[in-house]
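Working notes for the structure below.
The values are calculated or read from the model by the stated rules, or taken from the named source; none is laboratory data. As the structure is a computational prediction, the values presented were derived from the model and not from experiment. Cβ placement follows ideal geometry from the backbone for every residue including glycine, while neighbour counts extend to all protein chains displayed.
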Amino acid sequence: MSSRRALRLGDLIREEVSKIILYEAKDPRLGLITVTRVKLSDDLKKAKIYWTVWGDERSKEECSQGLKSAKGFIKRELGKRVRVKVIPDIDFAFDEGFEYEQRISSLIKKIKEEEGNEGSG
């Protein structure tokens, strides 16, 4: 399979899963989830959907539980929207990389602010 096809399908799945969670999932635990990326297996039969959420550890755990319970619904809805022979088996994973990037950005911003304060003082 073409890796370009996998990238396009991954982007489509990310977009559609985001819409399903935002507009159709009725679970209140799924309120502030952002789907960050989708990684497909080489045979396109498995999709790992990475997500993040604004909030603390409790929010993260609630969202994780909500995604587990909505997994069947999300896959069924995905099957209605994405035209491929076989809808990939989906699995959700918290995107640790996104959280890491946010932390690094905030540290850089803090350092720049401190440097600016030293120069004016």
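Tabulated results
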item	result
Boolean, Gln102 is modelled with pLDDT under 90, among the polar types (S, T, N, Q), more than 12 Å from the chain's Cα centre (by Cα) and not in a loop (DSSP other than H, G, I, E, B)	yes
Residue within the range 31-45 that is at positive phi and more than 15 Å from the chain's Cα centre (by Cα) present	yes
Neighbours by Cβ (under 6 Å, 6+ apart or cross-chain): first from the range 98-109, under 15 Å from Thr36 (Cβ atoms); second at pLDDT 85 or above and not aliphatic (A, V, I, L, M)	Phe98/Thr36; Phe98/Thr52
Residue check, Ile21 part of a helix (DSSP H, G or I), β-branched (Val, Ile, Thr) and in contact with a Leu (Cβ under 8 Å, 6 or more places away or on another chain)	yes
Where a residue in the range 51-73 is within 20 Å of Tyr100 (Cα to Cα) and its partner, wherever it lies, is assigned to a helix (DSSP H, G or I) and aromatic (Phe, Trp, Tyr), with Cβ under 6 Å and at least six apart	Thr52/Phe98
Scope the range 45-87; condition surrounded by 18 or more Cβ atoms within 10 Å (Cβ to Cβ), within 15 Å of Arg14 (Cβ to Cβ) and modelled with pLDDT under 95; matching residues	Thr52, Ile87
Qualifying residue in the range 7-16 (condition: closer than 20 Å to Phe98 by Cβ, basic (Lys, Arg) and either in a strand (DSSP E or B) or out of contact with any Asp or Glu (no Cβ under 8 Å at 6 or more places or on another chain) (or both))	yes
